[in-house]
Every structure is written in C-alpha cells, then in structure tokens.
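First the structure, in the form of structure tokens, and then the observations on it.
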Amino acid sequence: MNDEAFQTSIRKLLKTVGVTTQQEIEKAVKLGLSEGYLKGDERLPARITVEVDGLSLALDFDGDINLE
C-alpha cells in the first residue's frame, strides 16, 4: 500500500464532502429563510453518516446547526 496516496485520497474525499456539504446546507437555509419556513433563530439537528464499502464501516456523527 502506498501510504501517501492513501492519506491524500482520504483528505481529498473529506475536503470535497466538507465543502459540498457546507454549500448545500447554506443554500437550503437561505431557501428556507426566503420561503418562510425558517425564522432564522432555529437550532437544526443534523446527522452525517460516512460509509466505506469493502470495509463494512459506517460512522454516524450528530450535531446541531445553529442559525443564531
């Protein structure tokens, strides 16, 4: 196994996931505010699941997105 290639591919995947997820959440919140189903003071519970096929690995992360 090429450890450097392995580490680089993990970092690249996580960066892509992080940036894309943030952009999509921001768009969804802006839409919710503009359409009136969000007020702007909510706490939105969130869950992220990471699965890796071939490893039978599934990780769940829970947290909150606070709008105020």
Seminar exercise, completed: Summing +1 per Lys or Arg and -1 per Asp or Glu among the other residues with Cβ less than 12 Å from D60's Cβ gives -1
Exercise. Three principal axis extents, largest first, for the C-alpha atoms of the chain, in Å?
Worked result: 51, 20, 18
Exercise. Cα to Cα, under 16 Å, and not fewer than 8 places away if on the same chain: which lysines meet these conditions relative to K30?
Worked result: K39
Seminar exercise, completed: Taking Cα atoms, the helix 3-35 axis meets the longest principal axis of the chain at an angle in degrees (rounded to 10) of 10 degrees
Seminar exercise, completed: Ranked from fewest to most other Cβ atoms within 10 Å of their own Cβ, S56, S9 fall in the order S56, S9
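Just so you know, all these numbers are worked out from the coordinates, no wet-lab data involved. Everything numeric here is computed off the predicted structure, so don't read it as measured data. Quick reminder, even Gly has a Cβ in these numbers, built from the backbone with ideal geometry, and neighbours come from all protein chains shown.
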